[in-house]
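Since the structure comes first, as C-alpha cells, the remarks are kept for the end.
The values are calculated or read from the model by the stated rules, or taken from the named source; none is laboratory data. The model shown is predicted, which means the values in this text are computed figures rather than measured ones. Because the Cβ atoms are built from the backbone with ideal geometry, glycine has one as well, and the counts that use them run over all protein chains shown. In case anyone asks, the SASA skips ligands and DNA or RNA and just uses the protein heavy atoms, side chains included. Shrake-Rupley method; radii C 1.70, N 1.55, O 1.52, S 1.80 Å.
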Amino acid sequence: MNSNQIFEMALGLEQPWYVSKIEMIKPTEGLQGQIDIYLDFERGFKFSGGKTHDTVERTWQHLNFFQHKCFLHARVPRVQTSEGKTETI
C-alpha cells in the first residue's frame with residue numbers, strides 16, 4: 001500500500017475520487033510542517049445531476065496531521081443540469 005492509498009482510506013474517498021499527489025514541507029525552526037493533498041476524479045466519470053461542464057480549483061484546510069498543517073486541493077467538477085443551470089458537485 002502506498003501513501004496515496006493510505007490517505008484515500010483516511011479521508012474516506014470513494015470512486016471516482018482519488019489522491020493524485022502529496023507534497024510535504026518538513027518543519028523548520030519556528031515553522032510548522034505542512035502536507036498538501038491533491039484530489040482528482042476519474043476522467044469521463046458521469047456525476048449525477050448532469051454532464052460535466054468544467055472544473056474549478058478549490059482548497060480547504062483539513063485537520064492537522066500530527067504536527068503538520070494539512071490542506072486539500074481538488075479539481076471540482078461543475079455539471080450542466082437538464083434545466084441548463086451549472087452546479088458545483
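Overview of values
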read-out	value
Residues located in the range 56-66, provided they are outside any loop (DSSP other than H, G, I, E, B) and either small (Gly, Ala, Ser) or open to solvent by 50 Å² or more (accessible area, probe 1.4 Å) (or both)	GLU57, ARG58, THR59, TRP60, GLN61, HIS62, LEU63, ASN64, PHE65
Condition met for GLY44 (free of Cβ contacts under 8 Å to residues at least 60 places away in the same chain, farther than 19 Å from GLU8 by Cβ, of a type in the set (Gly, Ala, Ser) and open to solvent by less than 60 Å² (accessible area, probe 1.4 Å))	no
Search result, residues across the range 67-88 that are of a type in the set (Ser, Thr, Tyr) and not in a strand (DSSP E or B)	THR81, SER82
Considering residues of the range 67-89 that are over 17 Å from the mean Cα position of the chain (by Cα), of a type outside the set (Ser, Thr, Tyr) and open to solvent by less than 40 Å² (accessible area, probe 1.4 Å) only, the residue nearest to LYS46 (Cα to Cα)	VAL79
Residues within the range 8-36 that are in a strand (DSSP E or B), surrounded by 14 or more Cβ atoms within 10 Å (Cβ to Cβ) and touching a Phe, Trp or Tyr at 6+ places or on another chain (Cβ under 6 Å), tallied	5
